[in-house]
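Laboratory data are not the source of any read-out in this text; all were calculated from the coordinates shown. From a predicted model like this one, the values you see are computed outputs, not experimental measurements. Because the Cβ atoms are built from the backbone with ideal geometry, glycine has one as well, and the counts that use them run over all protein chains shown.
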Amino acid sequence: MMRVVIAEDHALLADGLNRMLSAHDCEVVEMVDNGPRLAPALIEHKPDVAVVDVRLPPTFTDEGIRAVIEARAKVPALPVLVLSQYVEQLYARELIRDRAGGVGYLLKDRVSNISQFLDALRRVAGGGTAMDPEVVSQLLGGKQSSLDSLTGREREVLALMAEGRTNSAIAAQLYVTDKAVDKHTNNVFRKLGLAQSSDDNRRVLAVLAYLEGHS
């Protein structure tokens, strides 16, 4: 059973998450609704994954992320799935800075079904990555000049890689062969000057690290 800490100040959403997770083989070990309570809860429980909103009371700015970073200093590689209403580029980069532990960033309004959310949650708990395409798009958008050498198809592959998709999943999404995806993936890494890797999570972190290093 996967142990989860929820940090969400919206009572209805928090209750909905609690009920949904409890119904799908998860144990919600604690629910908090503000930043100051989050870090102690994460350090005490050391959950399999934390579901965290970026903006929490008292200031509704960055309490959620700051609490996560504080907790990760004491509980290395703590898996975190950010569930936010906004794309906070700085916070997305901050989360992957240490290259350790599962990381996810989903937008509340774009989580279309329960199975999609649970898949992302399990991927992050397992040390993987789950990035909303809109988050990826905004991270990539500011680096347009660095991506000019990529073809349209290579950009699609890059975005799907950053979501945490395997090559087989990318092939199914784009209706192409696994061999074609392998070719596009190799081209992406070559054009961006990134070391190739067959590890899905490392590929995502490499892409985001490249973006951070050229910000």
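Numbers below:
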quantity: Burial ranking of peptide ranges 25-32, 126-133, 157-164 (average Cβ count within 10 Å, highest at the top); calculated: 157-164, 126-133, 25-32
quantity: Computed label-point distance, nm, for sites LEU90 and LYS191 using a 7 Å Cα→Cβ extension; calculated: 3.1
quantity: Cα centroid separation - region 124-138 against region 44-98, whole Å; calculated: 14
quantity: Whether region 2-131 is rounded, prolate or oblate, judged on the alpha carbon gyration tensor where a/c under 1.5 counts as rounded; calculated: rounded
